[in-house]
Structures are given as C-alpha cells and as structure tokens.
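Notes to accompany the following structure.
Throughout, read-outs are computed from the coordinates displayed, never taken from laboratory work. Treat the numbers as computed from the prediction; the structure is a model and nothing was measured. In this analysis, Cβ positions are derived from the backbone assuming ideal geometry, glycine residues included, and neighbour counts consider all displayed protein chains.
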Amino acid sequence: MNLLIPNLGSTSLKYQILEMPGESVLAKGKLERVTDYGAALASIATSGIPIHAIALKAVHGGPDYRGTFLVDACVLAAMRRYLAAAALHNAIYLAAIEGFEKAMPGLPIVCAFEPEFHTTMPEHARLYGVPADWREEGVAKYGFHGASHQFIAGRVREILGFDPKLVSCHLGGSSSVCAIAGGHSIDTTMGFSPQSGLENATRSGDVDVFAVLYMMERRGWSVDEVRRQLAQTAGLAGLSGIAGGDVRDLEAAAAGGNRNAALALAVFVYQVKKTIGAYAAAMGGLEAIAFTGGIGENSARLRAACCDGLEFLGIHLDRERNEAGAGDRSVSAEDSPVTVLALATNEEMIVARRAWKVLEGRGSGG
C-alpha cells in the first residue's frame, strides 16, 4: 500500500510517498512559500507512483480524537470545533483535506492526531486546576509533537538497546519537551494548545492568563486580536524584535551585539534547561537526552547552552563531538552518566505506521 504523507507548515509543504508495511521511501519533496494549498497539493510530483491513501499529521480534535482516524464528517467537525485552540494548525489541515478531496477524489484520508503519543500521561500530569465544567468542555493537557517524540523514543531504543528515562527535546520554529519513561510519554510542555510551553518562533508559550485578561481590558482588544498577537508576533520574535523569530537570525544578531536577541535566546535556553531538570524529577532519574528538530539537531551552540550547568544531573557534553559530525550521533562524553544524542526525527514514518494499521483494520482509532 502506497501512502502519501504530507507534512504541512504555515508556508511550506513537505511530503513522502511510503510503501507500507515495508516502509520504503518511493518519493519525497518539499514546496516552499505556499500560499494556496489547493494549488500546492495539485502540484505534488508522484512520478507516476500509484497512491492508495493519504495520511496527515493532524493537530487538535479534542478529547474524542486523540488517535488515528479515517476522515469523515465527525472528524472534520471536531477539527473545526477546536480551531480556537489551534487556529493556524487546524485551518491548514482543514484546507489540505479539502484540497486533497478535489485533487485526488475517492482516496481515503487518514488523520493521525498529535496527542496520541501523550495519551499515556497520568491524570495528575494532564489536569488543570480549573472548574469542573471547563474540564467537561475538553479543557485539559493534550500535548503535541507526538509523532516526533514517538519516533525519537523508538530511535533512542534502537541506539541504546533499552528504553531509558529520556527527555526528548524537539526544538525548532515550534518547540516542545517530553518526558518519556519505558517508551511512554509521562509529561510534555505543550498543553491544551500548541501555544503553550516553551517560547516558539512567533508563539508566546506559557503566559499567565491574567496577564492576557489585563491587556484585553487595558487596551480594549478583541479575542481575535489577542489570538493574532500571541500566535504571530510573540515568542522569540516578540522578545527579540526580530520578525519571524528564527533562531538562526537571533544567533547572528546576538553575535553582532543585539542584546534583545541574546536575551531571547537566554530565555529559551533557561526554559529548556529548567524543564530537563523538572522531568528528571518526574521520572525519578535521567538516563538520556535527545535533541531533535531544526534547532535541536543542527545547533551545537544551543545544545551546549541547554546542557550547561546540568553536570549535577550527570550530563557531560563532549565539545568536539557536539560541534563536529553529522547524522544521528552521541554528543556526550564517554564517561557521561547521561547519554546526550543529536537525532533526526521522522514524523512522516510514525504517521504512515499509524495510518497503515487503521487502513488495514489492525488497529482502531483511539
């Protein structure tokens, strides 16, 4: 069975065509500066390879859709209901589904929702201290980047030969950290929405909700205006004053003496470092850290900064290993009690595996 796996960004579209269950990559590509998803989807080059189904890494469908499902009217309704929680992400995937239905009519479409990997979080890690009727409306911690953290858990198992007490750091334009014990997620930084947790490129991360209410009352801002600001002009962009909040731009600016850029990076590093320590406490120890995502995999400077000062936890980087080399590798010292890895993630592979199980009837959504 050949599955087309698109991975949609706010302005880009990556895709792979995978033969399942053999997991052979038949084709792959990337489209940049996408403004019309219908046109972009129609231009995907399948090179004559027959496509039997489409599988998407969907984001938020609420409490009833934290697994992998064939797209139907109920799935689409759930994604629309939670647009307010993941406005940018859900809107893109809803547009993509509509585009695929037009470009490739009749093909089954599967949505693998991001929170699936985090359904193993214990209740005490998942609940917020909000009134009961809020919880009845689905307000709880869902967690995202699940496909990436799941792939990293499996890759670390392959490398080390066992499931360690692992902190997975997916650091990129969108960032999250996950505590993984026994191969299962037990906590993660993103909560009810992808807005929460670490500072992202343009998304705020955690903010005291009363600060939001204060600014709304003070400035007379609407909900839509606040949502726009916190999603598009906050995070590393808001801290640094550098549009887009790309860490590469911030590092270059900081090297040139831009204090705000340096401060934004310091805030980001502090949050990652603090979370590593907290998750070591949550798991009762720490045996491995994995850095992935565009920043985690490729920025030796950020990896070193995130680990600096954590020697008391048994984390010791090897400077030469960290700064040199490529591909999946250990960047920790030979005698480091905690193994530190730089790894490439593969969200598309996890989506393909989940979708194939659903399509073959070997697993149910949920």
For region 24-83, the Debye formula with one identical point scatterer on each Cα and no solvent gives log10 I(q)/I(0) at q = 0.15, 0.18 Å⁻¹ as -0.66, -0.88
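Sorted from largest to smallest, which semi-axis lengths in Å does the alpha carbon gyration tensor of the chain give for its equivalent ellipsoid, taking the root of 5 times each eigenvalue?
Values: eigenvalues 185, 135, 92 Å².
Square roots of five times the eigenvalues give 30, 26, 21 Å.
Please return the longest stretch of the chain lacking exposed loop sites, where GluC sites (Glu not before Pro) count only if DSSP places them in a loop and at most 15 other Cβ atoms lie within 10 Å. Kindly include the intermediate steps, with their values, before the conclusion.
On the way: sites that count: Glu23, Glu32, Glu137, Glu334, Glu360.
Counting only loop sites that pass the neighbour cut-off, the longest clear stretch is 138-333.
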Calc'd 3J(HN,Hα), region 347-353, phi into Karplus 6.51 cos²θ - 1.76 cosθ + 1.60 (θ = phi - 60°), Hz, glycine/Pro = x, comes to 5, 4, 5, 5, 4, 5, 5
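Indicate, rounded to the nearest 5 percent, the antiparallel portion of the DSSP beta bridges found entirely in the chain.
Percent antiparallel among DSSP bridges in the chain is about 65.
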Here, Phe210 and Thr120, labelled 7 Å along Cα→Cβ, have an inter-label distance in nm of 3.8
Among trypsin sites (Lys or Arg not before Pro) in region 312-366, those in a DSSP loop whose Cβ has at most 16 other Cβ atoms within 10 Å are Arg362
If each part is reduced to its alpha-carbon centroid, region 70-95 and region 6-49 end up apart, in Å, by 20
Kirkwood calc, region 161-342, C-alpha pairs only, radius in angstrom 17.1
Note to self, the chain gives a 222 nm [θ] from helices alone (DSSP H runs n ≥ 4, -39500 (n - 2.57) apiece, / all residues, nearest 500) of -12000 deg cm²/dmol
Pairs over 27 Å Cα to Cα, from Lys28/Lys274; Lys165/Lys274; Lys30/Lys273; Lys274/Lys357; Lys30/Lys141; Lys28/Lys165, come to Lys28/Lys274; Lys30/Lys273; Lys274/Lys357; Lys30/Lys141; Lys28/Lys165
Using alpha carbon centers only, region 242-309 is separated from region 183-212 by a whole-angstrom value of 15
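Taking the DSSP beta bridges in region 161-342 as the whole, what percent of them are antiparallel, to the nearest 5? Before the final figure, lay out each step's value.
On the way: 12 of 22 bridges.
Roughly 55 percent of the beta bridges in region 161-342 run antiparallel, per DSSP.
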Once amide hydrogens are built 1.01 Å from N within the peptide plane, the residues lying 5 or more places from Thr188 or on another chain with amide H under 5 Å from its amide H are Ala179
